[in-house]
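Some notes on the structure that comes next.
The values are calculated or read from the model by the stated rules, or taken from the named source; none is laboratory data. Owing to the predicted nature of the structure, the values given are computational and were not obtained by experimental measurement. Cβ: placed from backbone, ideal geometry, glycine included. Neighbour counts: every protein chain shown.
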């Protein structure tokens, strides 16, 4: 980064220059991220106490003045305890991190023995009636906190350096997409401003998504380096963990881009089990949008179906990298962790590579993970052993012979595993989506495969679903609204059945959802797809037209070979007919309508209708039709900017310039705008 950027950064921070927008997450920030090891739904809950106020007090506090016994005091922290000064002969290990650290459970579980009376001693120690002294000579204290990211983890690290650690283990990399939680205070404000400035700098050469990612990685790397430097100064060795991710089965927790004609065409073929055709269409889509998460994910899934696991891996890894949420460690994130560790003389435990070895074809999936980044508890022993093996291999003394225990805490029944997945799926339901949450669908599909009776039980009624949801701090908001969410849940179940080819079951579930929420566009769009799968095309066309979701209906209608009237596509020909040209002119007039009475939302919808109609046409895009589409796309950019939707606007501008004919008169104007850093 140039000196000029650093000078600008300094003055903006020092002079409190206005830098708006959300915090340094770059992620969606929407409810139900599920980044925290347990299902979460900030929803109507006020979590400022957990994420903001708790930081004002030490992580550990002395249980009684002068007694030398310390216990964790923050909300939801594991009740770890230790004594000061440290007992002779004990190797003390602090585990710091986010939700993946909490999966490992309390430290005593990793060092417990099965000797006579061991269970009783552990219970007494947990209640604080005795001081627990592990027979292995190793004392593990887990300070993992669900939802914490590197900034908060760094605060804990600075504190525990005063408690005589022999080793610090850091698991950080999944929560970096959701960092400041809008906390007040100078530190958080400076971080927000720093992120926005970094984002603008990277946007000089990259698209908005990549600029956010690079800014995010830069700040994460800086924080990891601070951790390593602080520990090194104190003479304490550190092991950073490169984190694993569910690549094979877990898409982004967003809605699929069904409005994208290329994606919709491949998506329809994929679920019709026409995998060769689907791969060809996804390939075309990727040529246009190589960094689209869902195109990469579905291409990878398609190649797996075709028996090409080696080729699939490249796309599935890219899908994690291009997930806008940045809610699981990508290959780039883990490369950063390794780079920082090497530069600061710290060690690395390659948990990512560990899970490659556990999974079929080196592609970890739902067999290993409960969601996108949280491994199933039975893998805890292997994780603990890899951490300490890596410490020993790195030259850290005192842990060479340690092997973790086979704790009963790490076992769980298939039903409990399914209940956790069901709770995730329900908590991620988003009523603001025009279609479905792909993360929820993935979880429900896996439950259907492993324990289908549970879904039948959950579909019985809101009360039946209520009995199955695991309630906790994170899920309570959605759990309290199950009656309201139940129709959306049924519609998700309908989509799971449709994708499995069970159209009769899907139609019944969809009809139940519509009976509870008549006329809801999302459900009508789903019913249209089910009817198309059943070959009932006329009914499907009517349902698509009535859904009100024009962009998705247009793309899906084309994919299923239907003859829709808005816009009036022909099932036999994708060329623009005279009727369609009239429709194009009508929508273009609404798009470009001048004057103060212009409704920006209606104008934007009209502009996007024109773009999709032009994109779907088989006519030559270099002529008048292509110019019309470019004008509409450019107007969409202007409308989005005026509406304060800067990120969408810049992506639209990129698409406009990339796809415009060489003869488009406004190419130079759009190109100049593209060179200007995005304003937030």
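Against the numbered list (1) within 30 Å of residue 386 (Cα to Cα); (2) at pLDDT 95 or above, residue 305 comes up short only at (1). In this structure, residue 224 does satisfy being within 16 Å of residue 326 (Cβ to Cβ), assigned to a helix (DSSP H, G or I) and in contact with a strand residue (DSSP E or B) (Cβ under 8 Å, 6 or more places away or on another chain). No other residue among 505, 551, 583 is assigned to a helix (DSSP H, G or I) and modelled with pLDDT of 95 or more apart from 505.
For segment 294-324, a tally of residues being in a loop (DSSP other than H, G, I, E, B), within 19 Å of the chain's Cα centre (by Cα) and surrounded by fewer than 23 Cβ atoms within 10 Å (Cβ to Cβ) returns 2. Taking segment 452-467 as the range and being within 13 Å of residue 423 (Cβ to Cβ) and surrounded by fewer than 18 Cβ atoms within 10 Å (Cβ to Cβ) as the test, the residues that pass are 466, 467.
Of all the residues in segment 284-302, those that are at pLDDT 95 or above and more than 22 Å from residue 206 (Cβ to Cβ) number 5.
Could you tell me whether any residue of segment 399-418 is touching a helix residue (DSSP H, G or I) at 6+ places or on another chain (Cβ under 7 Å), within 23 Å of residue 255 (Cα to Cα) and in a helix (DSSP H, G or I)? For segment 399-418, residues touching a helix residue (DSSP H, G or I) at 6+ places or on another chain (Cβ under 7 Å), within 23 Å of residue 255 (Cα to Cα) and in a helix (DSSP H, G or I): present. Test residue 608 against the stated conditions and say whether it is part of a helix (DSSP H, G or I), within 23 Å of residue 557 (Cβ to Cβ), modelled with pLDDT under 85 and touching a strand residue (DSSP E or B) at 6+ places or on another chain (Cβ under 7 Å). When the stated conditions are applied, residue 608 does not pass them.
When 365, 361, 307 are checked against the criterion of being in contact with a helix residue (DSSP H, G or I) (Cβ under 8 Å, 6 or more places away or on another chain) and over 19 Å from residue 240 (Cβ atoms), a single residue qualifies: 361. Of all positions in segment 274-293, none carries a residue that is under 19 Å from residue 101 (Cβ atoms) and assigned to a helix (DSSP H, G or I). Return yes or no: is residue 478 more than 30 Å from residue 636 (Cβ to Cβ), modelled with pLDDT under 90 and either assigned by TED's automatic domain parsing to the domain that holds residue 442 or outside any helix (DSSP H, G or I) (or both)? Taking the combined requirement at face value, the residue satisfies it.
Evaluation of residue 370 against the conditions (1) more than 26 Å from residue 474 (Cα to Cα); (2) free of Cβ contacts under 8 Å to residues at least 60 places away in the same chain; (3) crowded, with 21+ Cβ neighbours inside 10 Å shows that the sole unmet condition is (1).
Condition check ((1) farther than 19 Å from residue 235 by Cα; (2) in contact with a strand residue (DSSP E or B) (Cβ under 6 Å, 6 or more places away or on another chain); (3) at pLDDT 90 or above) across all residues:
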residue: 122; (1), (2), (3): yes, no, no
residue: 127; (1), (2), (3): yes, no, no
residue: 144; (1), (2), (3): yes, yes, yes
residue: 157; (1), (2), (3): no, yes, yes
residue: 168; (1), (2), (3): no, yes, yes
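From the list 540, 458, 491, 464, exactly one residue is without any contact (Cβ under 8 Å) to a residue 40 or more places away in the chain, touching a helix residue (DSSP H, G or I) at 6+ places or on another chain (Cβ under 9 Å) and under 30 Å from residue 602 (Cβ atoms). Which is it? After applying the criteria, what remains is 540.
Within segment 235-271, being in a loop (DSSP other than H, G, I, E, B), touching a residue at least 60 places away in the same chain (Cβ under 8 Å) and surrounded by fewer than 20 Cβ atoms within 10 Å (Cβ to Cβ) holds for one residue alone: 236.
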